[in-house]
Amino acid sequence: MSASAAPAIRARKGDGTPLVMVTAYDTPSARIADDAGVDILLVGDSVAMVVLGYEDTLSVTIDDMAHHTAAVSRAKPKAMVVADMPWMSYHVSREETVRNAAALMRAGASAVKLEGGRKRLEAIGAILDAEIPVMGHLGLTPQSVHMLGGFKVQAKEFDAARALLDDAVALAEAGCFSIVLECVPDAVATMVTEAVPVPTIGIGAGPRCDGQVLVFHDLLGFSAGRQPKFVRRYADLGTDATAAMARFADDVRAGRYPSEAESYHFVSVAEETPVTGLYQVASA
Ligand code: KIV
C-alpha cells in the first residue's frame, strides 16, 4: 500500500503518530513541504485568500483549483496530494460533482476534500462511486462564511457540538477516509476524534486530533495582519523577503549589482557556455 494513498492515511488512525498536513499551491511550496516530510499536501481553496488576494474562498473555480493542483503535482511529491473542491463545484448535480472531482484527479490529486456534513452525503457518495477518495471538512467551513456570519469558532454550544458529532459519524460511515475539523473547541474535537474510526485533522481544534494542518504562508510568516491564535509561526520569511528585496534595490540603485562575475563577457563562439540554472524553482 502506497504511504501516500487514502487507505494508508486511513490506517494511521490510532497509531500514535499524528498526521502532518500543510497547504501547498504551487511547485516550490510543494517541494519545500515534501522535503520536510509532511504526510499530506492540501491544495486548499485558501489559495483564493492566501495567494490570489480575495476576501474569502468563494471566488476560485474548478479550473483555478485544477491549475494549482497540477503545479503541486509537478513537484512529484512523496506526500499524498488532496485537492479542495471549490464552492459550487459539488452543489448543483451528481454529474457535475463527479466531473469536477475527476478534473482535480486528472490534475494530479489522489483525493478531494469538500466541506459540510450530512447535507453533502449525496455528493460524497457520487464521488466515492467514481472511485475517488474523499476527505471531509467540518466546523468552520469557509465556503459557508455568509451563512455562518463570518469566520467564527463553531460548535461552541451543546446542540451544535452534538450536530457536528453526528455529521462526523455520518461522513465516516459514508466512506470519507479522513475529516478536517476547523476552529472548534478542543473538547468537541476530542469527542469527535474518539467517536470516528477515521483520522481527524485539526486546525484550531486543539491537540487531541489525529493530525494537524496549517496554511503554508501562515506557518512560514508570509501572511500579513493579525493571525488566529492557533497559527504558530515557524519562520518570518515575509520580513526576510522584504529585507532581501530592499538590499537588491539598494544594490541596483548604487550600481553594485550586477558585478563583473555576475555578467557574461564577450568570448569566441568556441568558448561559449550554455546558460544553466535559468528560472529554476526552489531545490530543483
Ligand atoms: O483551504 C484550506 O486551506 C483548508 C484548510 C484550512 C484545512 O481547507
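The values are calculated or read from the model by the stated rules, or taken from the named source; none is laboratory data. Please read all numbers here as calculations on a predicted model, not as lab measurements. A quick note on method: Cβ atoms are made from the backbone with ideal geometry, for glycine too, and the neighbour counts reach across all protein chains shown. These area figures cover heavy atoms from the full protein model, side chains too; ligands, DNA and RNA do not enter into them. Shrake-Rupley method; radii C 1.70, N 1.55, O 1.52, S 1.80 Å.
Annotations
- Comparing Cα centroids, the range 74-122 and the range 148-205 end up 20 angstrom apart.
- In sequence order, the range 231-236 has phi-based couplings of 6, 9, 8, 9, 7, 10 Hz under the Karplus curve 6.51 cos²θ - 1.76 cosθ + 1.60, θ = phi - 60°, and Gly or Pro positions carry x.
- Ordering of 133-142, 150-159, 69-78 by packing [mean C-beta count within 10 Å, highest first]: 133-142, 69-78, 150-159
- Overall, the chain carries a charge dipole of about 480 debye about its Cα centre when +1 sits on the Cβ of Lys and Arg and -1 on the Cβ of Asp and Glu, all other atoms neutral.
- Estimated vicinal HN-Hα couplings, Hz - the range 69-80 in sequence order (Karplus 6.51, -1.76, 1.60; Gly, Pro = x): 5, 5, 5, 5, 6, 5, 6, 6, x, 6, 5, 5
- Long-range HN-HN contacts of Gly204 with modeled amide H, under 5 Å: Cys183
- Across the cross-link table entries Lys13/Lys119; Lys76/Lys152; Lys76/Lys119; Lys78/Lys152, which are compared at the Cα atoms, the separations over 32 Å belong to Lys76/Lys152; Lys76/Lys119; Lys78/Lys152.
- DSSP beta bridges fully contained in the chain are about 0 percent antiparallel.
- Average accessible area per residue (Å²) across the chain - probe 1.4 Å, nucleic acids and ligands excluded: 53 Å²
- To put it simply, the accessible area of the range 131-273 at a 1.4 Å probe is 57 percent carbon and sulfur.
- Lysines whose Cα lies under 17 Å from that of Lys156, excluding same-chain neighbours fewer than 8 positions away: Lys229
- Rounded to the nearest 20 debye, the dipole magnitude of the range 1-120 is 580 debye, with +1 charges on Lys and Arg beta carbons, -1 on Asp and Glu beta carbons, and the Cα centre as origin.
- What the phi angles of the range 194-210 give under the Karplus curve with 6.51, -1.76 and 1.60, with θ = phi - 60°, is a coupling list of 6, 8, 9, x, 10, x, 9, 10, x, 9, x, 10, x, x, 9, 6, 7 Hz, glycine and proline written as x.
- Nonlocal amide H pairs with His137, under 5 Å, H built at 1.01 Å: Leu114, Gly116, Val180
- Length gained when the stretch Asp186-Val267 is fully extended (0.36 nm per residue, less Cα-Cα span): 22.5 nm
- Amide H contacts of Ala83 (H built 1.01 Å from N, under 5 Å, at least 5 apart or other chain): Val43, Ser110, Ala111, Val112, Lys113
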